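Just below is one structure, and these are the notes that go with it.
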Amino acid sequence: MSGQQHSTQLQSDGRVPDGTLLEVTDLTTHFRTERGLVRAVDGVTFSLARGKALGVVGESGSGKTVLSRTIMGLLPSNAVNSGSVRFAGQEVLGLDAKQMRHLWGREMSMIFQNPMVSLNPLMKIGKQIQEPLHIHLGLDGRAARETAEQLLREVHIPEPTKRLDQYPHELSGGMRQRVMIAIAMACGPTLLFADEPTTALDVTVQAQILELIGEQRRERNMSVILVTHDLGVVAGHTDEIAVMYGGRLVEKAPTRELFANMKMPYTKSLMRSIPKLDDPSHTRLLTIPGRPPDLVNPPKGCRFAPRCAYARDKCLQEEPPLVTADTSPDHVYACWYPVGSPEFRERDAEIMATITTGVELGGTR
Amino acid sequence: MNYWLQRAGMAVLLLLAVSMLTFGAMNILGDPLFNILGPVSGAKDLQGTAQADGYALRTQGEIPSGSYTIVDDVDTLDHREAVLVATGDTLPKRADTIAGLDAVSATGTDITIIGGVVPGQLVMNGPEPSQLADVEAAEQEFYLDQPLPVRYVSWLTDFVQGDMGPQFSKTGEPPVTDLIKERLPRSLALLVMAQLMATIIAIPWSLWSAAKANQPVDRVSTVTTFLIIALPNFALGVILKYVFAIQLGWFPQTFNAGDSYLEQIYQLFLPALTIALPAAAVYQRLLRTDLITTLQEDFILMARAKGVDRRNILMKHALRPSLFSFITVFGINTGALIGGALVVENIFRVPGLGSAIVEAVLVEDFPVVLAIVMIVAFAFVLVNIAIDVIYSLIDPRVRR
């Protein structure tokens, strides 16, 4: 049984060399709709090394989910792609479903946001785990069942033998997400997409699930792309963070570097919208005013500019290019007046002044 | 266990309610005596005017003494008026009431009653003593002198013991049970064949259509389903009969009850297909829509991400969760078709329950009507329970 498990792991170790696993170059995904072309992902470039975890952060509508589905090739038929996605040296963008099917579940796996609706409600847990084992590894009968049980044990599900014959509705949300992870892990993939894996879960369960994903990543030398709207989620569980806004990559840096020297006002706003433990209770959370941009007619200039408190005329006119930060060569951002620049500080002082006045006014009422 | 007891109790209540309503309706519709005895009145034509040929009339409501004759008879089904003229003779023993009269006018000693008399009502116009004896015998035999609730209970007691009573329109012979025994298996065979064909057509068709949702082929198939649904049953039946039985000669034109079972099944093929095609089109609509909805579920995306191929996505993941509305309508159809295939039965000359009930209603043979209504109601109850069982087999979440 464990021999079986090892063989799948060895297989995945042998299949893909260490080093760069995924190279995404100038990737665009547009959707043809009745309103027009929706530019969901618009020129994204990044690469990911084997065994590393990348966090993709952004509000809803920023294109982060579409980005992961584009890389995996799981898009509806009205999507149009351009650019390049190289997986283990091979171009995978534009492959049809028939060709991609050999990668799905075997090399690339995906965990979805809502474990309540992502498992087939009418199929036993065991059968759902055994399905990829059968498709990709040809495992059947006893061997498949034992491997499935072993997988459940690895994702720390108590009484795995019993679970195999249960249906999803008999399990809690956290347990179901563990089952999803077991399914995703079944054939020892080299790349795991976790699309908001904890959004639908209890806070206490969230940490366990993230810990489990991290554990699987280390054990299997697997790369992870963790898609989330919550900077707090990615902080402790990724090596690098990419921030997306309006279909574009606006800042990318190693996790530690990003939290230490974030450059984009947008990243900073995301940061500020996380509640902090040391804030006094009933502190108003800072929200980002306005709505994400219309992806059919994206604003001219910096896409965040209309909502940015630090935007100036230039931001509304010219689109900032991705530039390397002075703090680290791995840190890139797209902003004319990044955090820390003289223009930013000047505006920040003004804003802080208004906020303070506002508080005083509130106090006298 | 408790659940099934409840279900059974509900089913019995439903059957009782259906039987009561039908029993009541049949009594409003006509007088059972008419069916048993035929036109009893007719007796002496005192005025020498029109006779009550073919229709006997029974009156309700107080009538003064006198004897009556039917002046203007009811001779068609639509024509529901009759004029009774009292000739001032003797009071007929049974003409104590007149039903649904619109007007009563008195001229001298004669009373003219103009009323909406329903065909089949009995008027005893000074019957001969022998006829009176017949009437009394019939009344006693069929409890017709008893009040309605008593008659209902005695009918029910016989019915649950398997005695469905006599056929009124055939002077009581052969009993209704024999008629049902002859017709029911034929109707069931037709129903099973039709539903099987409809399912065999609808499932692959809807899978194919859902896989190609909103592509040109799917649109063509949608138009086709609407065409089949909109086509009246008799038109479809006649077309199929003309093409496959008359022109091509692949199937016999009519049904022959004397042939072997195998031949009968062969003869039932076209009638079954006539029922199956519109049913399949309806099932295809339901299944296709549900399949398309299911295909948008996250677990389908999950299955794709596991590497499951298109065929297995449809067959193993999407089909089962999409079956519910199909099964519901399939069940309702089963109940409705068991006694409702009249048109098809007529076109292909298949004497089934559908034609039996219509014939029985036309001649007010209400033991036959009641028996068939009860069979259809019972079928509905059985099918409903079967559907619940199937639901729980398909979806573990509704299991108890």
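Please treat every number below as a calculation from the coordinates, not as lab data. Here the structure is a predicted model, which is why all the values come from computation and not from measurement. Don't worry about glycine lacking a Cβ; one is built from the backbone with ideal geometry, like all the others, and counts go over all protein chains shown.
A compact table of results
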quantity	calculated
Helix-only CD estimate at 222 nm, as mean residue ellipticity for chain A, using -39500 (n - 2.57) per DSSP H run (n ≥ 4)	-11000 deg cm²/dmol
Projected label distance in nm at A:Ser84 and A:Thr161, using a 7 Å step from Cα toward the beta-carbon	5.3 nm
Candidate lysines - alpha carbon under 20 Å from A:Lys276, same-chain residues fewer than 8 apart omitted	A:Lys268
Net charge contributed by nearby residues that have their C-beta within less than 11 Å of A:Leu133 (K/R +1, D/E -1)	+1
Residue list for the stretch B:293-314, given a label point 7 angstrom along the Cα-to-Cβ vector of A:Leu95 and an amide N cut-off under 14 Å	B:305-308
Computed E for A:Leu37/B:Val217 - FRET, C-beta separation, R0 25 angstrom, nearest 0.05	0.40
Spin-label pair B:Asn2/B:Asp259, simplified geometry with 7 Å Cα→Cβ offset, distance in nm	5.5 nm
Gain upon complete extension [B:Thr224, B:Ser325; 0.36 nm per residue less C-alpha separation]	34.3 nm
Under 5 Å, built H, 5+ apart or other chain: amide partners of A:Ser47	A:Val24
Cα-Cα over 25 Å, subset of A:Lys252/B:Lys306; A:Lys52/A:Lys124; A:Lys124/B:Lys212; B:Lys212/B:Lys316	A:Lys252/B:Lys306; A:Lys52/A:Lys124; A:Lys124/B:Lys212
Over the stretch B:176-398, volume per residue of the alpha carbon convex hull, in Å³	140 Å³
Length released on extending from B:Val12 to B:Asp388, taking residue separation times 0.36 nm less the Cα-Cα span	133.7 nm
Helix A:203-220 vs. chain A, principal-axis angle (Cα, 0 to 90°, nearest 10)	60 degrees
Cα-based shape type of the stretch A:132-237, given that a ≥ b ≥ c are square roots of the gyration tensor eigenvalues and the cut on a/c is 1.5	oblate
Global geometry of chain A, whether rounded, prolate or oblate, following the gyration tensor of its Cα atoms and the 1.5 cut on a/c	prolate
B:Leu231-B:Leu196 FRET efficiency (beta carbon distance; Förster radius 35 Å; 0.05 resolution)	0.95
Estimated inter-spin distance, A:Ala260 and B:Arg310, nm [label 7 Å along Cα→Cβ]	5.2 nm
Sequence ranges A:308-320, B:312-324, B:246-258, B:224-236, ranked by mean other-Cβ count within 10 angstrom, highest first	B:312-324, A:308-320, B:224-236, B:246-258
Principal-axis tilt of helix A:342-364 within chain A, Cα atoms, nearest 10 degrees	80 degrees
Gyration tensor verdict on the stretch A:94-149 (Cα atoms; rounded if a/c is under 1.5, prolate if a/b is larger than b/c, oblate otherwise)	oblate
Chain A: most fluctuating residue of A:Val224, A:Val250, A:Val296 per GNM, C-alpha cutoff 10 Å	A:Val296
Förster radius 45 Å - calculated FRET efficiency between B:Ile239 and B:Asn27, Cβ distance, rounded to 0.05	0.60
